[in-house]
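Following: one structure in structure tokens, then a few remarks.
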Amino acid sequence: MAIPEGEPAPEEIPTVISCFDTVEEAEQFIADGAPGDYEKLYPNDVSARAAAAATVTVGKIWTGTSRTGSVRVHWGAGSGCYGTTFGFPSLGSGWDNNIRSAEGFNNCWSSQYDGTSYTGTVLTCAPYCSTLGSMAARTSSIVYRPAGTFG
């Protein structure tokens, strides 16, 4: 969910998760506008289809160091982190406290928090962390911010 710079996060953030056999399939899904998922996030938005056409990868997280292990691709609407922040207040089963490397894309740096809803200790990857050091296997929420912005 994109949150304009300086705006507070909404109370409830919808979650939609799609699974793919390969990263390439996930990236193609995002490039195609995340068909179906975007409409689930914004069911009452008449311009959802047009906005979905502008989906972009904002980051990836891995269960292993140096881009190894399972990968989750985070995406959002727009052109990336150009004046926009994308937040993921929880990571879900299998991902919470299981991240060991992370990378931001499209002008995004990722801030890894050890608490849900962006609380606790934070580590910012600018844009890539091959290892999370003392934050390894402690990430519970992530914010993708414009490059040059620390959590």
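The values are calculated or read from the model by the stated rules, or taken from the named source; none is laboratory data. Quick caveat, the model's predicted, so the values are computed rather than measured. So basically every Cβ, Gly included, is an ideal-geometry build from the backbone, and we count neighbours across all protein chains shown.
Within the stretch 75-126, how many residues are outside any loop (DSSP other than H, G, I, E, B), more than 15 Å from Gly59 (Cβ to Cβ) and among the polar types (S, T, N, Q)?
Residues flagged as outside any loop (DSSP other than H, G, I, E, B), more than 15 Å from Gly59 (Cβ to Cβ) and among the polar types (S, T, N, Q) within the stretch 75-126 amount to 2.
Give the residue that is surrounded by the most Cβ atoms within 10 Å (Cβ to Cβ), with candidates limited to residues of the stretch 133-146 that are of a type in the set (A, V, I, L, M, F, W, C) and either touching a Ser or Thr at 6+ places or on another chain (Cβ under 7 Å) or at pLDDT below 95 (or both).
Looking at the filtered set, the residue picked out is Ile142.
Out of curiosity, is Ala26 in contact with a Gly (Cβ under 6 Å, 6 or more places away or on another chain), modelled with pLDDT under 85, surrounded by 14 or more Cβ atoms within 10 Å (Cβ to Cβ) and among the hydrophobic types (A, V, I, L, M, F, W, C)?
Considered against the rule, which asks whether it is in contact with a Gly (Cβ under 6 Å, 6 or more places away or on another chain), modelled with pLDDT under 85, surrounded by 14 or more Cβ atoms within 10 Å (Cβ to Cβ) and among the hydrophobic types (A, V, I, L, M, F, W, C), Ala26 comes out as no.
Name the residues in the stretch 119-151 that are among the aromatic types (Phe, Trp, Tyr) and either free of Cβ contacts under 8 Å to residues at least 40 places away in the same chain or closer than 16 Å to Gly76 by Cβ (or both), would you?
Tyr128, Tyr144 - these are the residues of the stretch 119-151 that are among the aromatic types (Phe, Trp, Tyr) and either free of Cβ contacts under 8 Å to residues at least 40 places away in the same chain or closer than 16 Å to Gly76 by Cβ (or both).
Taking Ser66, is it at pLDDT 65 or above, surrounded by fewer than 16 Cβ atoms within 10 Å (Cβ to Cβ) and out of contact with any Leu (no Cβ under 9 Å at 6 or more places or on another chain)?
Yes.
For the stretch 69-119, name all the residues that are of a type in the set (D, E, K, R) and modelled with pLDDT of 95 or more.
Asp96, Arg100, Glu103, Asp114
For the stretch 127-138, enumerate the residues that are of a type in the set (Gly, Ala, Ser) and assigned to a helix (DSSP H, G or I).
Gly133, Ser134
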